[in-house]
Amino acid sequence: IVMLGFCLAFHDQVYAAISRFTTMIAEILQISNDIEPYTDVINTTQEKNGISVTLNEIILTDNSLFVSVNLDTENEYDDVGVSVEENIKINGSKYTCDSSSVYLKQNLEENDKQYVLEWIYNDGVPLPKKADIELGIVVHKQIDDIEGEIFTFSFSTSKEELQKNTTHLKLNQKISLGKNEAVLRELSINSVASSLKLESDKLSPEKEQYYVEITDMHGNKSLYSLIKKEGELFTFQNDG
């Protein structure tokens, strides 16, 4: 009985550690929530000129697309890395996403290179609930390898499940912007991302850069960057 109790207790600890990160996207972005229900697993590998790129998982949100990839090369390169191709096809139409992020797995003990790439959409990119997507992942062998090697992947995905589990909080609270005012209209949050809508006629993103700093009840701070402008309504999304 003592042995059995010890084994069960140990098993619970192991399960808790394993279940904390159920996907590569969650592990790299340090998301402790279970995001597996919103993740489409692709596991498609392409090889070209001694470079192998595996597209593992994808998550489509209201404002962005997250993709986790593995990079493997036959030769050792000192500064090998990845970036995103700015053009992306959605349901056969090509759009330009000029805002993107690359997150690298922070584990120096592992030799394999794992990344999460994020395409952030602007006003001109539609976001249907279900979409056929074609995108390019660029591998750079060195810092001066500007053009790099492009790997093109095609897949279908949906954001319906994530939308069902997104909370929208209507705020309508005024905040001070120096001598001016703005109105916080809405905060949306789910297990993957969070966005904030702010209304103001005093912001000039063509001239200045803006971000919102949010502090939670535990004192943790998060930065939200501007990703969309619709008239006087500005959408900010959390970084990372």
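The values are calculated or read from the model by the stated rules, or taken from the named source; none is laboratory data. Just so it is clear, the model here is predicted, and its values are computed rather than measured. Neighbour counts are summed over all protein chains in view; Cβ atoms, including those assigned to glycine, are modelled from backbone coordinates with ideal geometry. Note: areas computed on protein heavy atoms with side chains; ligands, DNA, RNA excluded. Shrake-Rupley method; radii C 1.70, N 1.55, O 1.52, S 1.80 Å.
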Worksheet item: What GluC sites (Glu not before Pro) in the range 138-203 are in a loop by DSSP, with at most 12 other Cβ atoms within 10 Å of the Cβ?
Response: E147
Worksheet entry | Dipole axis of the chain (+1 Lys, Arg; -1 Asp, Glu on Cβ), positive-most option in S52, L171, S195 | L171
Worksheet entry | Rotationally averaged projected area of the range 192-238 (alpha carbon convex hull; nm²) | 3.7 nm²
Discussion item. What is the sum of charges, Lys and Arg at +1 and Asp and Glu at -1, for the other residues whose Cβ falls under 14 Å from the Cβ of E213?
Written reply: -1
Discussion item. Explain nothing, just the number: dipole magnitude of the range 103-236 about its Cα centre with +1 on each Lys and Arg Cβ and -1 on each Asp and Glu Cβ, in debye rounded to the nearest 20.
Written reply: 680 debye
Worksheet, complete the sentence: Compactness check, the chain: C-alpha Rg relative to the 2.2 N^0.38 Å globular estimate gives 1.16
Discussion item. Connecting C-alpha atoms closer than 10 Å in a GNM of the chain, tell me which of S204, S83, S32 has the biggest fluctuation.
Written reply: S204
Worksheet item: Which trypsin sites (Lys or Arg not before Pro) from the range 117-158 combine a DSSP loop assignment with at most 12 other Cβ atoms within 10 Å?
Response: K129
Worksheet item: Nearest 20 debye, what's the magnitude of the dipole of the chain about its Cα centre given +1 on Lys and Arg Cβ and -1 on Asp and Glu Cβ?
Response: 1140 debye
Practice prompt. Could I have the simple spin-label model distance between Y77 and S32, label points 7 Å from Cα toward Cβ, reported in nm to one decimal?
Written response: 3.7 nm
Practice prompt. Could you tell me which trypsin sites (Lys or Arg not before Pro) in the range 160-240 are loop residues by DSSP with no more than 13 other beta carbons within 10 angstrom of their beta carbon?
Written response: K179, K202, K207
Worksheet item: What net charge is computed for the residues neighbouring K159, neighbours being all others with C-beta under 9 Å from the C-beta of K159, Lys and Arg scored +1, Asp and Glu -1?
Response: -1
Practice prompt. Pull out a ≥ b ≥ c, the square roots of the eigenvalues of the alpha-carbon gyration tensor of the range 152-214, then state rounded if a/c is under 1.5, prolate if not and a/b is larger than b/c, and oblate in the remaining case.
Written response: oblate
Practice prompt. Work through the residues other than S101 whose Cβ is under 10 Å from its Cβ and net out their charges, Lys, Arg +1 and Asp, Glu -1.
Written response: -2
Worksheet item: Averaged per residue, what accessible surface does the chain expose to a 1.4 Å probe, in Å²?
Response: 60 Å²
